[in-house]
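A.B. asks: Got a structure here, written out as structure tokens. Questions coming.
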Amino acid sequence: MGVISEALCNSEDQTIKRFRENFPDVWEPLLKILDEVGSRQVRAVESRLAPLEQASNQEHRVKFEAILNRNVPDWKQVYADPNWTAWLSKIDRYGMKRMDSFRSADARFDAQTIVNLIADFKREMGGPVQGINIGVPGDPVARSFIHEFARDLSRGKYKGREKEAEAIQAKIDAATAAGKILNQ
């Protein structure tokens with residue numbers, strides 16, 4: 001039984017109940033048709049959303065890696081270090097497997113957590129932590145401000161003011177990494 005037919009069969013609506021009782025020979029085929037149409041519509045919507053979701057994930061990944069590049073320039077070398085994997089397999093001071101924290105942060109494009117993990121790794125391995133920007137995450141940024149900035153940037157309003165645009169983008173990146181984007 002599909003979602004539509006289940007909803008109709010469980011409906012308390014009097015009109016639907018009367019139809020179900022008065023036309024039992026039509027009821028079952030009608031449910032089947034409605035479920036098939038509903039399933040086709042869901043598949044059509046899913047197929048249209050899949051490329052958008054993929055593009056969004058790619059965009060987030062690019063921003064995520066830009067933040068890592070800016071805050072931990074050697075993050076790719078750290079990822080390739082065999083000690084990194086061994087270190088991640090251990091339990092952190094909060095009782096969680098570091099690998100779980102790493103995977104969760106990576107899936108959420110949470111660059112600040114990755115930066116912090118790499119800094120902890122380097123500290124414990126006795127390596128230099130310089131070059132890692134683990135400063136206090138940025139101030140909150142309103143989603144409306146981000147949209148306005150992106151629109152202005154695409155319209156060329158920051159031509160000749162690239163340093164200002166870079167500073168604004170850095171502020172947005174820091175807020176994103178810290179999870180401080182406000183829905184305003």
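The values are calculated or read from the model by the stated rules, or taken from the named source; none is laboratory data. Source: prediction; values computed, not measured. Using ideal geometry, Cβ is built from the backbone for each residue, glycine included, and neighbour counts are taken over all protein chains shown.
A.B. asks: Of all helices (runs of 4 or more DSSP H) completely enclosed by segment 1-100, which ones contain at least 2 residues that are surrounded by fewer than 11 Cβ atoms within 10 Å (Cβ to Cβ)?
C.D. replies: 14-22, 24-71, 75-80, 82-88
A.B. asks: Could I ask something else about it? Applying the selection to segment 53-88, what residues are within 13 Å of Glu124 (Cβ to Cβ) and in contact with a helix residue (DSSP H, G or I) (Cβ under 7 Å, 6 or more places away or on another chain)?
C.D. replies: Looking only at segment 53-88, we keep the residues that are within 13 Å of Glu124 (Cβ to Cβ), and these are 78, 81, 83-84, 86-88.
Within segment 53-88, Val78, Trp84, Trp87, Leu88 qualify.
A.B. asks: Restricting the search to segment 32-64, which residues are β-branched (Val, Ile, Thr) and either in the same structural domain as Arg108 (by TED's automatic domain parsing) or within 17 Å of Met1 (Cα to Cα) (or both)? Give the steps one after another, and end with the answer.
C.D. replies: Just the residues of segment 32-64 that are β-branched (Val, Ile, Thr), to begin with: 33, 37, 42, 45, 62.
Those that are β-branched (Val, Ile, Thr) and either in the same structural domain as Arg108 (by TED's automatic domain parsing) or within 17 Å of Met1 (Cα to Cα) (or both): Ile33, Val37, Val42.
A.B. asks: Turning to a different aspect of this structure: Do we have Ser39 as of a type in the set (S, T, N, Q) and in contact with a helix residue (DSSP H, G or I) (Cβ under 8 Å, 6 or more places away or on another chain) here? Write out each step before concluding.
C.D. replies: Numbers: of a type in the set (S, T, N, Q): yes; in contact with a helix residue (DSSP H, G or I) (Cβ under 8 Å, 6 or more places away or on another chain): no.
In short, no.
Residues are listed down the side, and each one gets a yes or a no for (1) under 26 Å from Ile114 (Cα atoms); (2) in contact (Cβ under 8 Å) with a residue 12 or more places away in the chain; (3) out of contact with any Leu (no Cβ under 9 Å at 6 or more places or on another chain); (4) not aliphatic (A, V, I, L, M):
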{"position": "Met1", "(1), (2), (3), (4)": "no, yes, no, no"}
{"position": "Asn10", "(1), (2), (3), (4)": "no, no, yes, yes"}
{"position": "Thr15", "(1), (2), (3), (4)": "no, no, yes, yes"}
{"position": "Asn22", "(1), (2), (3), (4)": "no, no, yes, yes"}
{"position": "Val45", "(1), (2), (3), (4)": "no, no, yes, no"}
{"position": "Phe64", "(1), (2), (3), (4)": "yes, yes, yes, yes"}
{"position": "Pro73", "(1), (2), (3), (4)": "yes, yes, yes, yes"}
{"position": "Tyr79", "(1), (2), (3), (4)": "yes, no, yes, yes"}
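A.B. asks: Suppose the filter is of a type in the set (Gly, Ala, Ser) and under 21 Å from Lys171 (Cα atoms); does Ala66 pass it?
C.D. replies: The answer is yes for Ala66.
A.B. asks: If you go through segment 130-184 one residue at a time, how many are in a loop (DSSP other than H, G, I, E, B), at pLDDT below 80 and not charged (D, E, K, R)?
C.D. replies: Going through segment 130-184, the residues in a loop (DSSP other than H, G, I, E, B) turn out to be 130-140, 155-161, 178-180, 183-184.
Going one step further and asking which of them are at pLDDT below 80, we end up with 130-140, 158, 161, 178-180, 183-184.
Next cut, not charged (D, E, K, R) only: 130-138, 140, 158, 178-179, 183-184.
Count: 15.
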